[in-house]
Amino acid sequence: MTEIFDQNLYQWLILPLSIFIARILTETLGTLRIMFVSRSNRLIAPILGFFEALLWILIISQVIQNLENALCYIAYAGGFAVGIFLGMAIENRLALGVVMVQVITRKNTTKLQRSLRAHNYGFTKIGGRDIDGRENILFIVSRRKELPEVIKIIKEFNPCAFFSVEDIRGLNEGNYPLVKRKEQSPSRLAAFWRRLLRRTPKQLPLAAETLDAREQK
C-alpha cells in the first residue's frame, strides 16, 4: 500500500512539479541566452545554451516515459509560459546594453542640450524638414539602465516631444564616453594628476610648473 501511494505521489505530484520547475529554468536560460547572443557575448551565451540543452533533454525524456500522464503536458506548457515571463523580467532587471534615443521636435532644443550636457549624456543635433517646416533632431546615446532618466529629461523639456528608442549592438565611444554615474565626481585636476604620474622623470618639473600656473588662474 505504501509503495502504491509513493508511486502515485511521484507520478501525479513530484514528476509534474519537477518538469514544471525545470521547464521554467530552461526557458529562462533560453531568453537570457538570446539576449547575450544579440549583444555578441561569446562567453556567457554558450554556457547558458549548454545548460538549457541539458535540462531540455532531461525534461523530454521524462515526458516521453510518462505519455499517459496528462499533468506532465500541463506542467511542460505551464513552465514554458512562466519561464518566458521570468526571463523577460530578469532581462529588464539587468538592463544590459546601450540604447540610442532619437528626439524629433520643432521647439528650440538649447535647453534640452544643456540639460543633457549637465547630466553627461552625449548627443548629436541635426536639422530636418518635413512638409510643415523645419524639425530639430537629437540623437542621444546612453546605457539602458539610464534610459528612464533620459526620458525624464526629454519630458521635462517637452512632454509632447516625439522620441524613439533603439538598441545599439556596438559602438565606439569617441568624444562622448558613456560616463558611469559613480565615476562622474573626479575633476579635471584629478585627471591631470593621473596623466602626470604617467610622465617620465625628465618631464616632471615642466608638469609641476604647468600645474602651478593652472592653480594661480
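Taken together, the values in this text are just the output of simple stated rules run on the coordinates, not laboratory data. Here the structure is a predicted model, which means the values were calculated and not measured. As a convention, Cβ positions derive from the backbone with ideal geometry for all residues, glycine included, and neighbour counts pool all protein chains shown.
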Task: Packing rank of 150-157, 29-36, 124-131, where each peptide gets the mean count of other beta carbons within 10 Å, highest leading - done: 29-36, 150-157, 124-131
Open item on the list: Positive end of the dipole of segment 2-94, charges at C-beta (+1 Lys, Arg; -1 Asp, Glu), about the Cα centre: which of 59, 41, 21 has its Cα farthest in that direction?
Closed with: 41
Task: Other-chain or far-sequence residues with amide H under 5 Å of residue 142's (modelled H) - done: 99, 101
Open item on the list: Assuming 0.36 nm per residue, please report the length gained on full extension of the stretch residue 117 to residue 166 beyond their Cα-Cα distance.
Closed with: 15.6 nm
Task: Simple spin-label estimate for residue 130 and residue 39 in nanometres, 7 Å along Cα-Cβ - done: 3.3
